[in-house]
1. Of a type outside the set (D, E, K, R) and under 13 Å from B:L131 (Cβ atoms): which single residue out of B:V40, B:V18 fits that description?
2. Which one is farthest from B:T32 (Cα to Cα), of the residues in segment B:102-116 that are without any contact (Cβ under 8 Å) to a residue 40 or more places away in the chain and small (G, A, S)?
3. How about segment B:46-84: which of its residues are among the acidic types (D, E), closer than 17 Å to A:I80 by Cα and surrounded by 20 or more Cβ atoms within 10 Å (Cβ to Cβ)?
4. Is it true that B:G108 is in contact with a Ser or Thr (Cβ under 7 Å, 6 or more places away or on another chain) and either farther than 23 Å from B:L7 by Cβ or in a loop (DSSP other than H, G, I, E, B) (or both)?
5. Considering B:A105, B:A56, B:A126, B:A44, which residue is over 16 Å from the mean Cα position of the chain (by Cα) and modelled with pLDDT under 95?
6. Out of B:V96, B:V89, B:V110, I need the residue that is touching a Gly at 6+ places or on another chain (Cβ under 7 Å), among the aliphatic types (A, V, I, L, M), modelled with pLDDT of 95 or more and surrounded by 15 or more Cβ atoms within 10 Å (Cβ to Cβ). Which one?
7. Quickly run through segment A:74-99 and pick out the residues that are more than 10 Å from every other protein chain (Cβ to nearest Cβ), farther than 19 Å from A:L7 by Cβ and in contact with an Asp or Glu (Cβ under 7 Å, 6 or more places away or on another chain).
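The values are calculated or read from the model by the stated rules, or taken from the named source; none is laboratory data. Bear in mind that the values here come from a model prediction, so they are computed numbers and not experimental data. Every residue, glycine among them, receives a Cβ derived from its backbone with ideal geometry; neighbour counts consider all protein chains shown.
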There are 2 protein chains.
Amino acid sequence: MPDAFDLDARLASDSHFVADGPLSQLRLIDDTRFPWLVLVPRLAGASEWLDLPGDAQRLLLAEINQAGRLLRASGRCDKINIGALGNIVRQLHVHVVARVEGDSAWPGPVWGWGSMQRFGNEARDARLAELREKLSWERT
Amino acid sequence: MPDAFDLDARLASDSHFVADGPLSQLRLIDDTRFPWLVLVPRLAGASEWLDLPGDAQRLLLAEINQAGRLLRASGRCDKINIGALGNIVRQLHVHVVARVEGDSAWPGPVWGWGSMQRFGNEARDARLAELREKLSWERT
């Protein structure tokens with residue numbers, strides 16, 4: 001099935017493609033301060049999780065589980081933060097963030113906190129490769 | 001089945017019981033700034049959504065849907081914000097918040113923003129009664 005959706009320009013600029021799940025693009029937020037993934041369902045016009053059909057909701061839930069396990073498998077993680085806000089970018093996207101006690105936003109939320117510290121090219125590529133490798137491992 | 005869980009003291013102090021869902025207590029956050037519900041699964045020791053068994057995850061998802069519909073039915077709602085953070089209170093709880101463009105935290109998250117403005121007794125009782133009435137209506 002062709003993807004009928006267009007990725008929001010801000011999401012595209014602030015994150016990097018990791019892999020396609022059954023429903024969503026899994027993307028890495030371009031911010032070295034936090035291990036931070038985002039799931040973007042490939043559904044044109046989707047804005048609220050609530051308004052997805054039940055089967056899509058359950059797929060998204062399974063992808064959130066996988067994203068959380070991936071974060072746990074790839075570094076320290078004292079708490080997983082899950083958030084679907086969308087006040088700024090209306091395209092439906094769900095954040096899955098690994099929080100570490102004492103990280104720069106701790107114990108507050110990461111959303112809207114301070115300024116992104118973007119990856120350099122090499123660090124970004126290494127991080128994406130690591131995530132893809134561990135994601136494959138999760139699937140087996 | 002008796003509830004084996006104890007509600008966290010901070011959650012108990014910051015919110016009011018609305019109703020019991022199949023899995024969770026539905027509670028109203030004691031803050032007049034935002035229409036703000038929280039779901040607290042009645043599971044002793046639960047902290048991460050990720051670690052719930054699949055059937056409990058799906059029940060929680062259904063309760064989130066119901067909480068979101070309830071907020072929509074009871075006032076203006078430009079965007080639903082859903083969050084499972086737990087950096088401060090580790091007992092698993094999921095926030096479901098009705099956001100209105102231009103509300104006092106807009107477009108940032110409500111968590112950790114400013115100071116709670118608690119309900120007076122009468123306003124609280126009226127709000128709880130309204131929510132329970134609309135919740136019953138939703139169930140029919």
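1. None of the other options fit; the residue is B:V18.
2. Within segment B:102-116, the match that is farthest from B:T32 (Cα to Cα) is B:G108.
3. None; the set is empty.
4. No; evaluated as a whole, the condition is false for this residue.
5. On inspection, the qualifying residue turns out to be B:A44.
6. Just a single option satisfies the conditions, and that option is B:V96.
7. A:S74
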